[in-house]
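*Asks:* One structure coming up, written as structure tokens, with questions to follow.
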Amino acid sequence: MQKSFLIPFLAIASGVLSSCIPAEPKNAECDIESVFVHVDNPTGIFHHEYDTLKVVGSATNQIVFLIRSQENVSLLPVTLSVTSGAIAYIQDADGSFTEFRNGSLVDFSNERKQVFKIVSEDRNWNRLYSIVFEHDKPTEGDFTLDFETYALDANGKFYEWSITDENVANVFTDAKWKNGNPGFKLSKSSAKPMEYPSVPVADGGPDGSACVKLETKDTGSFGNMVNMRLASGSMFNGIFDVSNALKDALRATRFGSPFTHKPVKMTVWLKYEPGPTFQNRMGKPVADVIDEPDAYVVFYRNQDEAGNEVMIDGTDMFTNPYIVGIGRLPHNLNWDGSDKIGNNPIHGLTSQWQLVEIPVVYSKEVDKTVLANKGYSLALSFSSSWQGGNFQGAIGSKLYMDNVSLYCDKDEY
């Protein structure tokens, strides 16, 4: 008798308990995480097979696929990977939106821009994206970039710099310089735009034009909590994955974009003021160490033997086996080539503007056929603290920069 009463009691109790557990809230995110297009002959249209897949950064709204200059595309099957529970819609000719089903054919002919709307699982949020297939415009090789074109981001929190020269826009993801400002926002959201690590200085350049100030900043109480106590000012071409910035900052910073010329040197106007106290990752002062800036060019193969994409990040920016050439502001290094911090910087920068020339030294030959097919990538990077990626440096270190010029081997084009 006791057993017969126990079974229905447990069933009733289980039902009562389950009814007391609140349903998990629906997802409020509305992002495209990746876009894939299927083509029968990928390298006939793209430079690499992996170019058919675009991983979309959390701050990206414009998704650009580059196709060979002589090719065209029309109807392509598109597959979107979106955040859990979200629904994708595509904009019709009349401006309305129709639910999009993966694998549907989309017309991208004549660089037509298609607009998608992603609606969150809880249906309270949505986000617009554009996808376009642009013809890859060949660059002339040499170029000079100033920092005249800048504006606040969409939320008005920090500054962004755009590349207006179409000759080199493709060397920069989304035609923009990247920096750590979006990551700094996560740690110090109360900061005003001019309190971020990378800011413009109107009329501050050596020629009276706008320049950039990169400054190593204290990340506040949240930075202390996650053991990331400082953020160095930075500028680079590549990708900054904000969603991964707090979990793995070094791998969240990915450097470079495909380039069809062999760089031989970079010149840039620089001046530098080191902060007063160098500190380690724990925030403890390190005696007899003077902070140093960083500026470098890295040229590397962007595809491995199996055809997989190669992109250097903060963990292997100088050690990746596919690197063929490096140019870097002079520093003291250990015998094995690793960084050596100390009190005798040899980069030669002062608080006065000077034109710095950084030659690129090659350890491997550059294959001209691979080069012509965008098989190499160019990475440019600048930082106010050369150990900033490891969260070491001096709060208040300032690197001012302007007019970055790249010079290429004339025999290559």
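*Asks:* Which Cα, out of Ser109, Gly57, Ala191, lies furthest along the positive dipole direction of the chain (beta carbon charges, K/R +1, D/E -1)?
*Replies:* The listed residue farthest towards the positive side: Ala191.
*Asks:* Go through the stretch 309-385 and name the chymotrypsin sites (Phe, Trp or Tyr not before Pro) that are in a DSSP coil and have 14 or fewer other Cβ atoms within 10 Å of their Cβ.
*Replies:* Phe318, Trp335
*Asks:* Summing +1 for each Lys or Arg and -1 for each Asp or Glu, what net charge is found among the other residues whose Cβ lies under 9 Å from the Cβ of Val56?
*Replies:* After counting each charged neighbour, the total is -1.
*Asks:* Using only DSSP helix segments of four residues or longer, with each worth -39500 (n - 2.57), what per-residue ellipticity at 222 nm results for the chain after dividing by its residue count and rounding to 500?
*Replies:* -3000 deg cm²/dmol
*Asks:* So for the pair Ala287, Thr319, with labels modelled 7 Å out along Cα→Cβ, what separation do we get in nm?
*Replies:* Label-label distance for Ala287 and Thr319, simple model: 3.0 nm.
*Asks:* Give the aspartates and glutamates reachable from Lys26 as a straight Cα distance under 18 Å; neighbours fewer than 8 places away on the same chain don't count.
*Replies:* Within reach: Glu121, Asp122.
*Asks:* At 1.567 mPa s and 4 °C, plugging the Kirkwood radius over alpha-carbon pairs of the stretch 58-175 into Stokes-Einstein gives what diffusion coefficient in µm²/s?
*Replies:* 78
*Asks:* Using a 7 Å offset from Cα along Cα-Cβ at Thr369, what residues in the stretch 319-343 end up with backbone N under 18 Å from the label point?
*Replies:* none
*Asks:* Please compute the contact order of the stretch 251-306 in relative form: average sequence separation of alpha-carbon pairs under 8 Å and at least six residues apart, divided by the residue count, as a percent.
*Replies:* Taking the mean separation of contacting Cα pairs over the length of the stretch 251-306, I get 28 percent.
*Asks:* In a GNM of the chain with a 10 Å cut-off on Cα contacts, which of Ser130, Ser190, Ser383 has the highest mean-square fluctuation?
*Replies:* In this elastic network of the chain, the residue with the biggest mean-square fluctuation among Ser130, Ser190, Ser383 is Ser190.
*Asks:* With an 8 Å cut-off on Cα pairs and a minimum separation of 6 or more residues, tell me the relative contact order of the chain in percent.
*Replies:* After rounding, I find 17 percent.
*Asks:* Between Pro182, Pro263, Pro193, where does the largest GNM mean-square fluctuation fall for the chain, given springs only between Cα atoms within less than 10 Å?
*Replies:* Most flexible of the set in this elastic network: Pro193.
*Asks:* Report the net charge of residues surrounding Thr149, where surrounding means a beta-carbon distance below 12 angstrom and charges are Lys +1, Arg +1, Asp -1, Glu -1.
*Replies:* -3
*Asks:* While we're on this one: Under a straight-distance cross-link criterion of Cα-Cα below 16 Å, which lysines are reachable from Lys374, leaving out those fewer than 8 residues away in the same chain?
*Replies:* Lys374 reaches Lys137, Lys262.
*Asks:* Also: Would you kindly state how much longer the chain becomes between Ser405 and Phe222 on full extension, computed as 0.36 nm times their sequence separation minus their alpha carbon distance, in nm to one decimal?
*Replies:* 62.1 nm
*Asks:* To continue, here is another question. Rounded to the nearest 5, what is the percent of antiparallel bridges among the DSSP beta bridges in the chain?
*Replies:* Once the DSSP bridges in the chain are tallied, antiparallel ones form about 95 percent.
*Asks:* Under 19 Å from a label point 7 Å along Cα→Cβ of Ala306: give me every residue in the stretch 32-63 with its amide N that close.
*Replies:* 48-55
*Asks:* Please work out whether the stretch 250-373 counts as rounded, prolate or oblate from its C-alpha gyration tensor, where a ≥ b ≥ c are the square roots of the eigenvalues and a/c under 1.5 means rounded, while otherwise a/b larger than b/c means prolate and anything else oblate?
*Replies:* Judged from the Cα gyration tensor, the stretch 250-373 comes out prolate (a/c at least 1.5, a/b above b/c).
*Asks:* What residue among Glu215, Glu148, Glu29 shows peak mean-square fluctuation when the chain is described by a Gaussian network model with Cα springs under 10 Å?
*Replies:* Glu29
No value in this document is a laboratory result; all are computed from the given coordinates. Since this is a predicted model, take the numbers as computed values, not measurements. Quick reminder, even Gly has a Cβ in these numbers, built from the backbone with ideal geometry, and neighbours come from all protein chains shown.
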